[in-house]
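What follows is a set of notes on a single structure, which appears directly below.
The values are calculated or read from the model by the stated rules, or taken from the named source; none is laboratory data. This one's a predicted model, so the numbers in the text were calculated from it and none came from an experiment. Using ideal geometry, Cβ is built from the backbone for each residue, glycine included, and neighbour counts are taken over all protein chains shown. The accessibility values were calculated without ligands, DNA or RNA, using every heavy atom of the protein model including side chains. Shrake-Rupley method; radii C 1.70, N 1.55, O 1.52, S 1.80 Å.
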Protein chains: 2
Amino acid sequence: IAKEVAKLLEMKAQLGGDEGKPKFVLKTPKGTRDYGPKQMAIRERVFNAIISCFKRHGAEVIDTPVFELKETLTGKYGEDSKLIYDLKDQGGELLSLRYDLTVPFARYLAMNKITNIKRYHIAKVYRRDNPAMTRGRYREFYQCDFDIAGQFDPMIPDAECLKIVHEILSDLQLGDFVVKVNDRCILDGMFAVCGVPDSKFRTICSSVDKLDKVPWEEVRSEMVGEKGLSPEAADRIGEYVQLHGGLDLIEQLLQDPKLSQNKLAKEGLGDMKLLFEYLTLFGITGKISFDLSLARGLDYYTGVIFEAVLLQQENEHVEELVGVGSVAGGGRYDGLVGMFDPKGRKVPCVGVSIGIERIFSILEQRLEASEEKIRTTETQVLVASAQKKLLEERLKLISELWDAGIKAEMLYKKNPKLLNQLQYCEDTGIPLVAIVGEQELKDGVVKLRIVATREEVNVRRESLVEEIRTRTSQ
Amino acid sequence: IAKEVAKLLEMKAQLGGDEGKPKFVLKTPKGTRDYGPKQMAIRERVFNAIISCFKRHGAEVIDTPVFELKETLTGKYGEDSKLIYDLKDQGGELLSLRYDLTVPFARYLAMNKITNIKRYHIAKVYRRDNPAMTRGRYREFYQCDFDIAGQFDPMIPDAECLKIVHEILSDLQLGDFVVKVNDRCILDGMFAVCGVPDSKFRTICSSVDKLDKVPWEEVRSEMVGEKGLSPEAADRIGEYVQLHGGLDLIEQLLQDPKLSQNKLAKEGLGDMKLLFEYLTLFGITGKISFDLSLARGLDYYTGVIFEAVLLQQENEHVEELVGVGSVAGGGRYDGLVGMFDPKGRKVPCVGVSIGIERIFSILEQRLEASEEKIRTTETQVLVASAQKKLLEERLKLISELWDAGIKAEMLYKKNPKLLNQLQYCEDTGIPLVAIVGEQELKDGVVKLRIVATREEVNVRRESLVEEIRTRTSQ
């Protein structure tokens, strides 16, 4: 009955309500989008660049379910938890859609007692955020994560993660970028010497995290007003978070009378110095900025944190660089796996997440502007006929080509016009046409037409596969 | 506060309840699984085989969100609707996880007013079914769909879908298989001549669909008992559904005194005859069986339907073939897009869905039995050192290799033992080791060790990339 009612309601919706137009809304859910063939072609280019980088660094690949037990995600994200999608309770377990790939990875490690792995994972994650789709901010979006888990000598895996960000952003040719780096230990040490009470570290950290979007004055008033921090402490923080630089700044802060007295800050600065030494060996410090305003939103980071930002020259004369948003981020999270292990055994981890959607938006806009024609299939040859009544012959020939591994199409018409068949090749970029005609069948040949040059050659049927291969190999 | 409470509860759960052990359950949701690196390696092989077949047939690719508006899915699946996962109402739209890729595809076509496309889509779908995970039945599983939408001459796209199933199952070498084919028009005509009332067509169709899992007696008693069909009508159906064969059976049924009088059945049989003629041209009728017991569960099919089943020789002597379950299925659904179009404009579609999980289960079991070692990375070379204090030199060398596109790894230790580094190559299948030592650095060379043969050669540093490429190209 329920089914019948649903059907009737559906039909009613289709037929339209009182106003005679359908009530049914034809759309994708808020904050989501379809990817058509053109978009997919761009997306695959980006994925291929990212995956080859991950493979170049020796990563294995894993996959996890799109939803997790709700309790798996609970208490891992701090103030962001409110953005998690829950599934309806339909009896059975309470489930939520994954919010990132990091927590599922930590759950996977603890569940399988893995203490040592380098893996990547490319999959969709879900956040009930306010979407800004033109700028590539969606509720469903891909993350491309690379993580190194295991007990290793300090900063070597951390440096590799930054190298990976550098390689990928260079490879994708998105323009100039900078990777901001900081360390949660330095932040916590800084909070301590500025007079922030221990209990407020994480929430003040969340406020600092907003500095890339809102001016310091707003962040300060949130700290003092909403979060009850003393104005003096806030002002002290305000001085530190303006600082950014390289090895020189690290050395300077190691001499800072207050910071150098704080154990956490001192350790963090020592790590940062080592990290910069390794980055120097990798030759990438030119695009790395040690930035005390970088905080990262998520609760689970424990050490190095970083975020890559694309720079856009607003005005060529002024040379002022304006950030157009974060395209990659990550950091060290040494405590997360231990939160899942029944005995609290820790597995230190560091990782990077590439935010594909924003990169994709940029490339999509660029491609639209350039009017470059992008092929959405790889078809090598169209099997066509010059006369009527040759459907059977086309079917026989295309079947031979498919079986030989040739990418081939034909029009699904009994008697298509030759002109329409040639037009289809023009429209879709198919480079060759294999034409069967009565005379060719008698002679045991196929007429091969090269679309670009309109040249036509007769090819013996037994040589056709080889001829197509030769002519379509780059 | 809510966050703090959640954190405390989490900590309490970690510390354990009254019995001193954690209440937290470390698992994936019911009916789901993780894919580790080995499983992913197998999965990628299968995907590659399927994708290259789809591309060989000239398909574009699209992607849609993992959830749809609930009303998009409502009234499309018939009795299966109860298995749809709903998302919790957190304010805003009511959403459900996609149940297959076909309904989202139809929604995509209607929304974008596309009347002509050949596309594939590989993505996870969700069904709150009773999982049978050892046999590859999950609640979250991949579907690999290929569909042809558009108004074309009859049976040409339908025949291509069957060709695709044949190519993929042959290519994957899963053993013998048969593709059962039927037509909803023939079924409906058969129901009519057997005396099934029009209103019971779909529900009786659902009963017939169970014939591959339960014996006729049970299906008959469901028809008569639960669904109120007359015993005589059920018995007449019982006679037809035993029939299976090829062109001969089609000819026979075209002469059947009852069926030949029914317009729907006659049309369906005419289509089936044409389909078999095309399949003969493709040379694949040997594995196609016209089977009157095939019904398919979903409501939306309107014409040709098919299902591929793997056959397993239970006993070599008896040569009795037993089906081990469906690995692909599909059919024609000419009405689905029209259900979404505000004006009900129809776009005829036919498509095939490859069920990857069952195929994957078989290949995984086979691989485990064979003890074949499967590599989970593509690393070409390990950058190693023979003495202490060479971390910087290793970092410099590996950075050069990465920048030249070489897949390289190193151990994340300051002073790893050479033996451990060689052992790592043995364990992970890395074929080459590039060893830096003090003497080599002085001489401007790197010692390249071939793991399999233990051969070692000194290679000039500037020739190293080329040497690695040569030695690792197949």
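If you take the accessible area of A alone plus B alone and subtract the pair, what total do you get in square angstrom, rounded to 100, with a 1.4 Å probe?
Working: alone 25260 and 25340 Å², together 41370 Å².
In total, chains A and B hide about 9200 Å² from solvent.
What angle, in degrees between 0 and 90 and rounded to the nearest 10, separates the Cα long axis of helix A:391-403 from the longest principal axis of the Cα atoms of chain A?
Here the helix axis deviates by roughly 40 degrees.
For the pair B:Glu364 and A:Lys373, what calculated FRET efficiency results from E = 1/(1 + (r/R0)^6), where r is the Cβ-Cβ distance and R0 = 25 Å, to the nearest 0.05?
That pair, A:Lys373 with B:Glu364, gives E of 0.05.
Can you tell me the 0 to 90 degree angle between the C-alpha axis of helix A:37-56 and the longest principal axis of chain A, rounded to 10?
Between the helix axis and the principal axis of chain A, the angle is about 60 degrees.
When you look at the Cβ of every residue in A:414-422, what mean number of other chain Cβ atoms sits within 10 Å?
Going residue by residue through A:414-422 and averaging, the value is 1.
Using modelled backbone amide H atoms (1.01 Å from N, in-plane), which distant-in-sequence or interchain residues come within less than 5 Å of A:Gly325's amide H?
Result for A:Gly325 returns A:Leu310.
What is the distance in Å between the Cα centroid of the stretch B:147-210 and that of the stretch A:221-262?
70
7 Å along Cα→Cβ for the label point: how many nanometres lie between A:Lys55 and each equivalent label in the other copies, listed shortest first?
Taking the point 7 Å beyond Cα along Cα→Cβ, the inter-copy spacings are 1.2 nm.
Taking θ = phi - 60°, what integer Hz values does the Karplus form 6.51 cos²θ - 1.76 cosθ + 1.60 yield along the stretch A:129-143, in sequence order, with x for Gly and Pro?
8, 7, x, 9, 5, 5, 9, x, 10, 10, 7, 10, 8, 7, 10
What is the extension gain from A:Asn48 to A:Thr453, computed as 0.36 nm multiplied by their sequence separation minus the C-alpha to C-alpha distance, in nm to one decimal?
Full-extension gain reported as 142.6 nm.
Distance cut-off 25 Å, Cα to Cα: go down the list A:Lys413/B:Lys124; B:Lys38/B:Lys396; A:Lys27/A:Lys407; B:Lys113/B:Lys163; B:Lys88/B:Lys124 and report the pairs above it.
Values: A:Lys413/B:Lys124 33 Å; B:Lys38/B:Lys396 31 Å; A:Lys27/A:Lys407 34 Å; B:Lys113/B:Lys163 28 Å; B:Lys88/B:Lys124 20 Å.
From the list (A:Lys413/B:Lys124; B:Lys38/B:Lys396; A:Lys27/A:Lys407; B:Lys113/B:Lys163; B:Lys88/B:Lys124), the Cα-Cα distance tops 25 Å for A:Lys413/B:Lys124; B:Lys38/B:Lys396; A:Lys27/A:Lys407; B:Lys113/B:Lys163.
Check B:Asn458: other-chain or 5+ apart residues with amide H under 5 Å from its amide H, H built from backbone geometry?
B:Leu448
Let me make sure I get this right: for the stretch A:381-471, a, b and c are the square roots of the gyration tensor eigenvalues over alpha carbons, sorted descending. Under 1.5 in a/c it's rounded, otherwise prolate if a/b > b/c, else oblate. Which is it?
Rounded shape, in that the Cα axes give a/c under 1.5.
At A:Asn116, with labels set 7 Å past Cα in the Cβ direction, how many nm apart are the copies from this one, shortest first?
6.0
Let me know the mean shielding of A:372-378 by other chains, meaning the per-residue number of their Cβ atoms within 10 Å of its Cβ. Don't skip to the answer; put the middle values down first.
Working: counts 0, 0, 0, 1, 6, 9, 6.
Partner-chain Cβ atoms within 10 Å, mean over residues of A:372-378: 3.
Please list, ordered by chain and number, the residues whose modelled amide H lies under 5 Å from the amide H of B:Gln380; skip anything fewer than 5 residues away on the same chain.
Residues meeting the criterion, in which the H sits 1.01 Å from N, are B:Lys407, B:Ala408.
Using R₀ = 60 Å, calculate the FRET efficiency as 1/(1 + (r/R₀)^6) where r is the Cβ-Cβ separation of A:Glu392 and B:Glu392; round to 0.05.
After rounding to 0.05, the efficiency reads 0.30.
Set Lys and Arg Cβ to +1 and Asp and Glu Cβ to -1, take the dipole of the stretch B:37-369 about its Cα centre, and tell me which of B:Ile50, B:Ile117, B:Ser353 lies farthest positive.
Most positive-ward Cα: B:Ile117.
Taking loop as defined by DSSP and a crowding limit of 10 other beta carbons within 10 Å, which trypsin sites (Lys or Arg not before Pro) in the stretch B:393-456 fit?
Within the stretch B:393-456, the qualifying trypsin sites (Lys or Arg not before Pro) (loop, at most 10 other Cβ atoms within 10 Å) are B:Arg454.
Could you list the GluC sites (Glu not before Pro) in the stretch A:403-474 that lie in coil according to DSSP, counting only those with at most 16 other Cβ atoms within 10 Å of their Cβ?
Answer in residue order: A:Glu455.
In the protein assembly as shown, with Lys and Arg counted as +1 and Asp and Glu as -1 at Cβ, which of these residues, B:Ser81, A:Thr376, B:Gly330, has the Cα nearest the positive end of the dipole, that is, farthest along it?
Most positive-ward Cα: B:Ser81.
Apply the Karplus curve 6.51 cos²θ - 1.76 cosθ + 1.60, θ = phi - 60°, to the phi angles in the stretch B:199-208 and return the couplings in whole Hz, x for Gly and Pro.
5, 9, 3, 5, 6, 5, 4, 4, 5, 4
Between 0 and 90 degrees, rounded to the nearest ten: what's the tilt of helix A:102-111 against the longest Cα principal axis of chain A?
It works out to around 90 degrees.
Kindly give the distances from A:Gly225 to its copy-mates, label point to label point, with each label point 7 Å from Cα along Cα→Cβ, as nm values to one decimal ordered shortest first.
Taking the point 7 Å beyond Cα along Cα→Cβ, the inter-copy spacings are 7.0 nm.
Per DSSP H run of at least 4 residues, take -39500 (n - 2.57); add these up for chain A, divide by its residues and hand me the 222 nm value, nearest 500 deg cm²/dmol.
-12000 deg cm²/dmol
Compute the Cα gyration tensor for the stretch A:37-369, then decide on rounded, prolate or oblate, letting a ≥ b ≥ c be the square roots of its eigenvalues: rounded whenever a/c is under 1.5, prolate when a/b is larger than b/c in the other cases, and oblate in all that remain.
On the way: a/c = 1.34, a/b = 1.14, b/c = 1.17.
Rounded is the answer for the stretch A:37-369, as its axis ratio a/c remains below 1.5.
Please list 3J(HN,Hα) in residue order for the stretch A:436-446, calculated via the Karplus relation 6.51 cos²θ - 1.76 cosθ + 1.60 where θ = phi - 60°; whole Hz, with x for glycine and proline.
Working through the residues one at a time gives 9, x, 4, 4, 4, 4, 4, 7, x, 10, 10 Hz.
Let's see if you can work this out: charge +1 on each Lys and Arg Cβ, -1 on each Asp and Glu Cβ, no other charges. What is the dipole magnitude of the protein assembly as shown about its Cα centre, in debye to the nearest 20?
The calculation lands at about 580 debye.
Restrict the search to the stretch B:231-304; then list the trypsin sites (Lys or Arg not before Pro) that DSSP places in a loop and that have at most 16 other Cβ atoms within 10 Å of their Cβ. Walk me through the numbers before you get to the answer.
Values: sites: B:Arg236, B:Lys258, B:Lys263, B:Lys266, B:Lys273, B:Lys287, B:Arg296; in loops: B:Lys258, B:Arg296.
Qualifying residues, ordered by number: B:Lys258.
To the nearest 20 debye, what is the magnitude of the charge dipole of the stretch A:381-471 about its Cα centre, counting +1 on the Cβ of each Lys and Arg and -1 on the Cβ of each Asp and Glu?
260
What shape does the stretch B:16-152 have by the C-alpha gyration tensor, where a ≥ b ≥ c are the square roots of the eigenvalues, rounded means a/c under 1.5, and otherwise prolate means a/b greater than b/c and oblate the rest?
Oblate, since a/c reaches 1.5 and b/c is not below a/b.
About the Cα centre, and with charges only on the beta carbon of Lys, Arg (+1) and Asp, Glu (-1), how big is the dipole of the stretch A:274-405? Nearest 20 debye, please. Kindly include the intermediate steps, with their values, before the conclusion.
On the way: 14 positive and 20 negative charges, 136 e Å.
In debye, rounded to 20, the stretch A:274-405 gives about 660.
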